[in-house]
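Undergrad: Quick one: the structure is below, questions incoming.
The values are calculated or read from the model by the stated rules, or taken from the named source; none is laboratory data. A quick note: this is a predicted structure, and the numbers were derived from the prediction, not measured. Cβ placement follows ideal geometry from the backbone for every residue including glycine, while neighbour counts extend to all protein chains displayed. When the accessible area is computed, the model is the full protein with side chains, heavy atoms only, and any ligands, DNA or RNA have been set aside. Shrake-Rupley method; radii C 1.70, N 1.55, O 1.52, S 1.80 Å.
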Amino acid sequence: MKTLNYFSVVVLYCLKKLKGERSVAAVHHLLKGKKSSQTIHDGKLYQLSNLFSVLPDHSIHEVTKAVHLLKEQNYIREIENDHFVVTIAGEKIVAQYLLESPFPEKLDGWKYNNVASHFWKRLTLIVQVLSNISYKNQQYTPIQTNESVQKWVKDFFNHFQGNKLVLINNIVNELELLLSMLSEKEANLFVLRLSSFDRIGLTYKQLSTMYREDETYIVLTFQAILHEMVNLVEQNKTQVPILAKMIVDINFPYPLTVSARKTLALINNGKSIDQISKIRDLKESTIEDHIVEIAHNIENFSIEPFINTNKVALIQAQIRELQTNQLKLIKQALNSTFSYFEIRLVLAKSGGVNEVGNTIK
């Protein structure tokens with residue numbers, strides 16, 4: 001068996017889920033976390049939302065290189081320009097790899113990645129500052145150089161009225177509580193990434209060497225740890241009030257883009273697409289993108305104001321017959337009597353071809 005690195009396995013898995021209906025660029029946009037309506041739509045339709053934005057530092061060149069390797073080893077086959085389907089050999093190899101090293105169960109990039117990223121940057125700088133304070137050291141380079149993160153941390157300390165040693169003790173107690181809810185390996189990885197007075201947190205490469213695991217797998221494992229930490233903070237706010245403050249301004253009730261949230265507020269006020277378009281000075285197609293995003297992410301959001309139940313049934317029947325999420329094919333099969341917006345809404349609310357039997361409200 002020819003060996004693949006784990007990044008190539010991730011790319012192969014994405015191509016398997018996309019079924020040749022999206023280009024290689026769609027894989028890159030998903031892993032990087034591009035907040036476009038198309039990428040969000042793809043993540044939901046093809047059950048890839050857990051991988052949204054989990055590998056933001058990988059370039060399109062690296063994705064293309066992985067695709068070339070997969071093609072060279074006959075794990076994928078090109079069906080049209082930059083569109084690939086997974087071969088039988090590819091199906092077997094990805095299944096084998098994921099059986100031995102499955103994606104971390106707690107990984108949920110779309111729901112948690114933005115919050116987790118802010119949480120980690122704030123926490124690491126706070127821990128570093130407090131560690132240096134406890135050792136009375138004033139000469140050190142901040143582990144986080146982002147100005148907005150540094151400002152937030154400075155404001156955090158300015159608002160804290162009390163002995164810094166007490167704060168250190170409280171944060172340690174809160175972290176110990178959360179880490180006790182993780183596995184031993186997860187807790188160790190989290191601590192090893194932190195920086196203190198006399199130690200810089202280990203890099204993914206260093207952790208990869210230490211644990212003898214692929215670097216990409218370490219990255220995904222650590223992302224999953226952060227996602228679970230945020231989840232635990234949300235569930236135990238009264239027990240970890242200091243850590244809860246680190247996400248209170250960035251954690252939203254639904255994982256929507258900022259613009260979609262504004263559109264949702266207007267919809268909840270009874271505004272039509274046309275009215276929202278004028279109020280927000282945006283194209284109607286942009287508002288439609290927002291509505292599709294909302295339908296994907298909010299379970300009890302009703303699409304009835306935008307499409308009647310008869311149309312829903314007809315579109316669902318066609319999706320079931322064609323076994324595809326491709327808008328153009330579905331529209332053509334329906335004799336172009338439905339808009340792309342209507343088809344996208346049905347796909348969004350039903351969960352795509354794999355879940356098309358779901359009841360839609």
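Undergrad: Can you tell me how many residues within region 253-276 are in contact with a Lys or Arg (Cβ under 8 Å, 6 or more places away or on another chain), open to solvent by less than 30 Å² (accessible area, probe 1.4 Å) and closer than 27 Å to LEU226 by Cβ?
TA: Adding up the residues that qualify gives 1.
Undergrad: Same structure, new question: Of all residues in region 222-241, count the ones that are in contact with a Phe, Trp or Tyr (Cβ under 9 Å, 6 or more places away or on another chain) and of a type outside the set (Asp, Glu).
TA: Number of matching residues: 10.
Undergrad: Is it the case that region 208-215 has a residue that's loosely packed, with under 15 Cβ neighbours inside 10 Å and either of a type in the set (Ser, Thr, Tyr) or assigned to a helix (DSSP H, G or I) (or both)?
TA: Among the residues of region 208-215, at least one is loosely packed, with under 15 Cβ neighbours inside 10 Å and either of a type in the set (Ser, Thr, Tyr) or assigned to a helix (DSSP H, G or I) (or both), which makes the answer yes.
Undergrad: Given (1) in contact (Cβ under 8 Å) with a residue 60 or more places away in the chain; (2) closer than 30 Å to SER195 by Cα; (3) not small (Gly, Ala, Ser), where does LYS44 come up short, assuming only one miss?
TA: The failed condition is (2).
Undergrad: Also, quick follow-up: Please verify whether ASP57 is under 23 Å from the mean Cα position of the chain (by Cα) and charged (D, E, K, R), treating the condition exactly as stated.
TA: Taking the combined requirement at face value, the residue satisfies it.
Undergrad: Also: Out of all the residues in region 1-25, which are open to solvent by 20 Å² or more (accessible area, probe 1.4 Å) and either touching a Ser or Thr at 6+ places or on another chain (Cβ under 9 Å) or not in a loop (DSSP other than H, G, I, E, B) (or both)?
TA: If the condition is that a residue be open to solvent by 20 Å² or more (accessible area, probe 1.4 Å) and either touching a Ser or Thr at 6+ places or on another chain (Cβ under 9 Å) or not in a loop (DSSP other than H, G, I, E, B) (or both), then ASN5, TYR13, LYS16, LYS17, LYS19, GLU21, ALA25 are the ones that fit.
Undergrad: Still on this model: I'd like the residue in region 31-67 that is among the basic types (Lys, Arg) and either modelled with pLDDT under 95 or not in a helix (DSSP H, G or I) (or both) and, out of all such residues, is farthest from THR257 (Cα to Cα).
TA: Step by step, filter region 31-67, then rank; the result is LYS44.
Undergrad: Given (1) open to solvent by less than 80 Å² (accessible area, probe 1.4 Å); (2) without any contact (Cβ under 8 Å) to a residue 60 or more places away in the chain; (3) closer than 19 Å to LYS34 by Cβ, identify the lone condition not met by PHE306.
TA: Looking at each condition in turn, PHE306 falls short on (3).
Undergrad: For region 147-200, how many residues meet the condition of being of a type in the set (Gly, Ala, Ser), open to solvent by 70 Å² or more (accessible area, probe 1.4 Å) and assigned to a loop (DSSP other than H, G, I, E, B)?
TA: 1
Undergrad: Tell me, which residue of region 68-114 that is over 29 Å from ILE225 (Cβ atoms) and part of a helix (DSSP H, G or I) is least open to solvent (accessible area, probe 1.4 Å)?
TA: GLY90
Undergrad: Given the options ILE287, ILE279, ILE250, ILE315, name the one that is out of contact with any Asp or Glu (no Cβ under 9 Å at 6 or more places or on another chain) and open to solvent by less than 30 Å² (accessible area, probe 1.4 Å).
TA: Only one candidate qualifies: ILE250.
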